[in-house]
Amino acid sequence: MNRNFSKVISALLIFALPAIALAHAGGRDIRGTIVRFDQRVLVVKRVNGRSESVPLASSTQYRVGARAGEWKSMRAGLRVVVHIGHDGKAIEVHLPALK
């Protein structure tokens, strides 16, 4: 019984590890405040004080709190977390929940 359990756990890990490794397309996150934006680019002042431009794509997803959002949900001065893919473009833009 113990040997079968080990096989099951091993099989689960084999399938789960690639999904974990490729979360958010294996890119990086930036956190900060929106400085400015347009249909093509989002400029974020990072928490370390540096500004960074992030290209937006037609496939970029927007979240406002726990709900789906849209491009026009963004406002200069809002806190933001941007998930960036290997291609350097924003995968997801997370904005704070509306009050």
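Please treat every number below as a calculation from the coordinates, not as lab data. Note that the structure is a prediction, hence the values are computed from the model and not measured. Positions of Cβ are generated from backbone atoms using ideal geometry, with glycine treated the same way; all protein chains shown enter the neighbour counts.
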Residue-span extension gain [residue 33 to residue 98] - 0.36 nm each, minus C-alpha spacing: 21.8 nm
Amide H partners (placed H, <5 Å) of residue 57, local residues excluded: 90
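Would you mind counting up the charge near residue 73? Only other residues with Cβ under 12 Å from its Cβ, with Lys and Arg at +1 and Asp and Glu at -1.
Details: positive: 63, 67, 72, 75; negative: 70.
Around residue 73, the charge tally is +3.
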Long-range HN-HN contacts of residue 27 with modeled amide H, under 5 Å: 86
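At a Förster distance of 22 Å, what's the computed FRET efficiency of residue 50 paired with residue 79, Cβ-Cβ distance as r, to 0.05? Before the final figure, lay out each step's value.
On the way: r = 16 Å, r/R0 = 0.73.
Between residue 50 and residue 79 the formula returns 0.85.
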Residue-wise HN-Hα coupling along region 37-52, computed from phi with Karplus coefficients 6.51, -1.76, 1.60 (Hz; x: Gly, Pro): 7, 8, 5, 10, 8, 10, 9, 10, 8, 5, 5, 8, x, 7, 9, 9
Vicinal HN-Hα couplings computed from phi for region 84-99 (Karplus, 6.51 cos²θ - 1.76 cosθ + 1.60; Hz; Gly/Pro x): 10, x, 4, 7, x, 9, 5, 8, 9, 10, 9, 10, x, 5, 6, 9
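Want the number for residue 66 to residue 87: 0.36 nm per residue separation, take away the alpha-carbon distance, what's left? Present the calculation step by step, with values, prior to reporting the outcome.
Working: separation 21, 0.36 × 21 = 7.56 nm, distance 2.57 nm.
Value of the extension gain: 5.0 nm.
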